[in-house]
1. Using a 1.4 Å probe and counting only protein heavy atoms, arrange A:Y122, B:Y100, B:Y307 so the residue with the most accessible area comes first.
2. Find the percent of Cα-Cα distances in the stretch B:143-293 that exceed 28 Å, and round it to a whole number.
3. What's the Kirkwood radius of the stretch A:96-164 in Å, using all Cα pairs?
4. Once the mean 1/r over all distinct Cα pairs of the stretch B:141-225 is inverted, what Kirkwood radius in angstroms do you read off?
5. Which Cβ of chain B lies nearest the axis of the rotation superposing B onto A, and at what whole-Å distance?
6. Taking 2.2 N^0.38 Å as the expected size of a compact globular protein, what ratio does the Cα radius of gyration of the protein assembly as shown give against it, to two decimals?
7. So, with +1 on the Cβ of K and R and -1 on the Cβ of D and E, and no other charges, what is the size of the charge dipole of the stretch B:285-435 about its Cα centre, to the nearest 20 debye?
8. Largest first and to the nearest Å, give the Cα extent of chain B along each principal axis.
Number of protein chains: 2
Amino acid sequence: MSTTTRFMLSENDVPKHFYNIAADSPVKPTPVLHPQSKEPVTPDFLSAIFPTPIIEQEMSMDRFIEIPEEVREIYKLWRPTPLIRAMRLEKALNTPAHIYFKYEGVSPSGSHKSNSAVAQAYYNKIAGTKSITTETGAGQWGTALSMACNFFGMELEVYMVKVSYHQKPARRYVMETYGATVFSSPSDNTQTGRTIIAKDPDNQGSLGIAISEAVEIAALSGGQKKYSLGSVLNHVLLHQTVIGEEALKQMDMANEYPDVVIGCVGGGSNFSGIAFPFLRENLKNGQRTRLLAVEPTTTPSLTRGIYGYDYGDTAQIAPILKMFTLGHDFMPPVIHAGGLRYHGVAPQLSALYDAGLIEAIALGQLEVFQAATLFAQTEGILPAPESSHAIRAAINEAIEAKKLGEKRVILFNLSGHGHFDLTAYNAYNSGELTNNEYPEHAISDIESHLPKVNIPVMG
Amino acid sequence: MSTTTRFMLSENDVPKHFYNIAADSPVKPTPVLHPQSKEPVTPDFLSAIFPTPIIEQEMSMDRFIEIPEEVREIYKLWRPTPLIRAMRLEKALNTPAHIYFKYEGVSPSGSHKSNSAVAQAYYNKIAGTKSITTETGAGQWGTALSMACNFFGMELEVYMVKVSYHQKPARRYVMETYGATVFSSPSDNTQTGRTIIAKDPDNQGSLGIAISEAVEIAALSGGQKKYSLGSVLNHVLLHQTVIGEEALKQMDMANEYPDVVIGCVGGGSNFSGIAFPFLRENLKNGQRTRLLAVEPTTTPSLTRGIYGYDYGDTAQIAPILKMFTLGHDFMPPVIHAGGLRYHGVAPQLSALYDAGLIEAIALGQLEVFQAATLFAQTEGILPAPESSHAIRAAINEAIEAKKLGEKRVILFNLSGHGHFDLTAYNAYNSGELTNNEYPEHAISDIESHLPKVNIPVMG
């Protein structure tokens, strides 16, 4: 009898509820501040860019939030996603560790981003939104929201970070096939973009800038357009918990329980999505699963950043959030994991990390691509550069388990495939990939870049 | 209660046997002829390029051939593949038809090609092969065999049709990540390639030429290298029947039985893979499922070709096969469905088509991309241009069912995803895609291009 390697749930097992960590987190939520007044925002301010159901979710303290049937029906196009035991990778590493991964790349858009995209499109739709603006880094979020908006018959404008826009034209073509309009950011469409281009015509863009542009368009649309964000905010993390909820059931099918759960972190949504349900079990049942966030050494928000109040965007028009940050004007070095080039980390995740409930490490681009290649050669799947940070960390855990001679159960989130990242693989294969310059100069001086706020006392 | 749309089998349902149509076909097998003597080939001739287990399968009349456990273990990385009911497409077409598709794009290499690639790599491995040569058109076969050879620790040289080599660099990078070496064909490595380049330096290549190159390298290697083909031959069709075997079980789960089964045809392997098990049921149980092969109007081998003996390759070094053909020196117009640019059709499939057991139609590139876009916008999945021929035909069937007011159960094979075909989508989205020139001149005069053979009488 051969070992089972794929743990599949049925359509009926698509989760019926999102899990809201706010209900169980031992850390109090931190307030969202207005970018000008630097006082806690009013619902009115948020209403200019978000629909009411999203604002309610953002503030909710309910432990479980029902997933609308219309959203579940679309999830069923690809969910439940498989949980796979990486037997061939284990064998290549000759490790006693058991390595499992949750594979979100089976989503039609190619990543976990579809989970929140479909939910956000739905909540916008029922709130009467006709048109949405957003940003995208590597293109995964833009692709997911393009698909989702198309499903609900809404228009979408995507501001795509310039470096990815040119590195990954195929991503743009996918978004256009789903019916979206895509602009290279910084663009001429916004005051933000025009100002940046005037100062620096060769600016390669960043998620911070692209967010500013998308927010500006929505904020100045007189209610005609709403804005949608693919990570960082509470409601996005909330939507992604379907990953961890399914994984809990599937680990049970495998008769194992993870010693460590791993995910890559840009804004923090895919990591939180797989980790928060396991964190709940840690808090509730005294489980001791380690939750390991992995970021690139070039954008080390958790491992080298400051925990403080900072703008969510570069142009200082998005709300101020308390988070681990490298400074809103941090220009991340160009690396191929474009989805991880964000200056901050989700406030909920930042607070939990600050409280010691989450671990974090930073990894270099070369060691990450080495892991990606080994994974492709053993498991067949070509992983996204972002997700490959989690693979590298899982491999490191498995190697350590071997050294210690212990059976360690490792679970990581393979958040997406790398079919649109082949120029990066080619650079690695031909020896041209580097670890890029480490931004010491920017990191030594973060504090001076943060806004001065009077930290308000929560009620 | 919502309708079930995804029919999933478990790992245990990965087929244990390949189905060999030769055992049930009412049409006698036609002999394979030597390219020089034009007499039936000896096993010795085939042994120069194929390993013994493959030759045995090629000639076998056994109905079921056991799938080795090592092959099944690798299949389990992605098999059983899902059968999905395209509810959202049905709704968009407002049709009473039920449209199902078998999705082979979940294979790590992105298409059905992995099914035969893994089997062929395995049989080569047990026969002691160290190194393999092959050709690839759009890159799907080359990708699949690269993955498979890597799994079994064998070297691979891929001759990739020049037009695809340049249109789809990402495909090459994937193959290289799996450890293969890729050459643009026609190349300088072979007499075949050098001769063609000397005559026509801008030759864009064809599958026929790429096959010649890969066969030449193997044939002249003194037994050091074997050759592997991704379609056309009996053993390749045999391996692909896992698709139809699973689909039979899954249609049963859906409590339906298809009125029509549809697949695109280049060499014929993905169509045969889904259709042959249903043909068996037609022959055995008197089912009346129509089996519909779909080819591009630019390479209309079945609908406009001749049923006769022709070389499998352009340089006349591969065996002569009896098949529907446009002539071995036919230069297919450049279209984006590169995997369908082959001059002939598998002998087994050709014979069944000639006997009236299979139907065929040809479709133009524009109507195919229109269907691909509608499919992406309704079902989310971005299909390969090749597979989109099957989608278009399925849509046409659904529209006809609506006109006739009948419930028709349609099953098509979605043989692969289109993640590496985005330049084609961009051309379509920007209105630059055309149907290409129809090769009337080449089609009016096929017979004069075929070799003169004395058709031997079979024992």
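1. B:Y307, A:Y122, B:Y100
2. 36 percent
3. Across the stretch A:96-164, the inverse of the average 1/r is 12.9 Å.
4. Result for the stretch B:141-225, one decimal place: 13.1 Å.
5. Nearest to the symmetry axis by Cβ: B:H419, 2.
6. 0.95
7. Using Cβ point charges on Lys, Arg, Asp and Glu, the stretch B:285-435 gives about 460 debye.
8. 64, 48, 45
The values are calculated or read from the model by the stated rules, or taken from the named source; none is laboratory data. Because the structure is a prediction, the values reported are computed rather than measured. Neighbour counts are summed over all protein chains in view; Cβ atoms, including those assigned to glycine, are modelled from backbone coordinates with ideal geometry. These area figures cover heavy atoms from the full protein model, side chains too; ligands, DNA and RNA do not enter into them. Shrake-Rupley method; radii C 1.70, N 1.55, O 1.52, S 1.80 Å.
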